[in-house]
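Step one of this worksheet: look at the structure below.
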Amino acid sequence: MAETLLFNALRQATDEEMARDPSVFVLGEDVGHYGGSYKVTKDLYKKYGDLRVLDTPIAENSFTGMAIGAAMTGLRPIIEGMNMGFLLLAFNQIANNAGMLRYTSGGNFKIPIVIRGPGGVGRQLGAEHSQRLEAYFQGVPGLKMVACSTPYNAKGLLKAAIRDDNPVIFFEHVLLYNLKEDLPDDEYVLPLDKAELVRKGKDVTILTYSRMRHHVMHAVKTLEKEGYDPEVIDLISLKPLDFETIGASIAKTHRVIIVEECMRSGGIGAELTASINDRFFDELDGPVLRLASQDIPTPYNGTLEALTIVQPAQIIEAVQKVVAARV
């Protein structure tokens, strides 16, 4: 076991997969000699050369289209978006090409591509650098979506994403890169379609992902002292959602709170709420409670920025409300 920062866990996964499979390569802005904005690709160009760690122009639509073409020929590109908000410039390539070509070609082409990078509300990064794009891509057929939340799952999920024959959008949170955790020395690969049961409990099911997992667990420390027993599930897979794990938890607790950093309108939580009502309505003892970001561009001001996203105090209040309603 070795203590590893999350950005180094991602780097290890990339390095190991590039060493294992010569068809894997990385491309993006400043991924080569600079080592990536958050050093996920630091010094990899020295080991693999400039053609396998490829610095691109500032042209997301162009290099994303090129990567999709490379995937069609049998290569396995990893695109690093310097910031996930910039990938909106390549939305056409991701949605109309990456997501659909395997279907529109009648299965003649596989699209083994990973599109990864930082997103989420950081520390005063401004509106355009604080985007949460999960809901943007959720409705695109053919894509898989994963949100890592710890160094352990970041490494195992990225290795799985690189090996997958389908396009995977891999969300990383800008404030989690320096998170530390002991990682196994032996190789491991995690499934892309499974949620993680973070804490067992009986009072209420809390569904969350990415950075909000840590806000939830911070709130749980206070809730435990007050006698509450919440069950916490990190969704990890945002597309497809792991309804087997979600359903088993709801059958036990009969109450659901969703905590997300995505916008409230049309967010992951909105889809989750609808799907839970469709699938597990008879198991619910009350309405699903949803905590999400406010539907406004993220302010630059630090105090206002914090007010736009869910904080642990709100999670504590929500659990108290839901459990009190049961009584």
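Observations, loosely collected:
- Screening segment 198-246 for residues that are polar (S, T, N, Q) and surrounded by fewer than 24 Cβ atoms within 10 Å (Cβ to Cβ) and picking the one that is farthest from Pro118 (Cα to Cα) gives Thr222.
- Hits in segment 22-46 (condition: at pLDDT 95 or above, open to solvent by 10 Å² or more (accessible area, probe 1.4 Å) and of a type in the set (S, T, N, Q)): Ser23
- Residues (touching a Pro at 6+ places or on another chain (Cβ under 9 Å), closer than 23 Å to Val146 by Cβ and open to solvent by 40 Å² or more (accessible area, probe 1.4 Å)) located in segment 1-11: Leu5, Asn8
- Residue list for segment 183-195, filter: open to solvent by 60 Å² or more (accessible area, probe 1.4 Å) and either in contact with a Leu (Cβ under 7 Å, 6 or more places away or on another chain) or within 24 Å of Glu231 (Cα to Cα) (or both): Pro191, Asp193, Lys194
- Some residue of segment 186-205 being modelled with pLDDT of 95 or more and part of a helix (DSSP H, G or I): no
- In segment 12-21, the residues that are under 12 Å from Ile78 (Cα atoms) and open to solvent by 10 Å² or more (accessible area, probe 1.4 Å): Asp15
- Filter result (open to solvent by 10 Å² or more (accessible area, probe 1.4 Å), in a loop (DSSP other than H, G, I, E, B) and in contact with a Lys or Arg (Cβ under 9 Å, 6 or more places away or on another chain)) within segment 247-295: His254, Arg255, Arg264, Leu284, Asp285, Gly286, Val288, Gln294, Asp295
The values are calculated or read from the model by the stated rules, or taken from the named source; none is laboratory data. Computed from a predicted structure; not experimentally measured. Note that we place each Cβ from the backbone using ideal geometry, even for glycine, and neighbour counts take in every protein chain shown. For the accessible areas, the whole protein counts, side chains as well, though only heavy atoms, and no ligand, DNA or RNA atoms are used. Shrake-Rupley method; radii C 1.70, N 1.55, O 1.52, S 1.80 Å.
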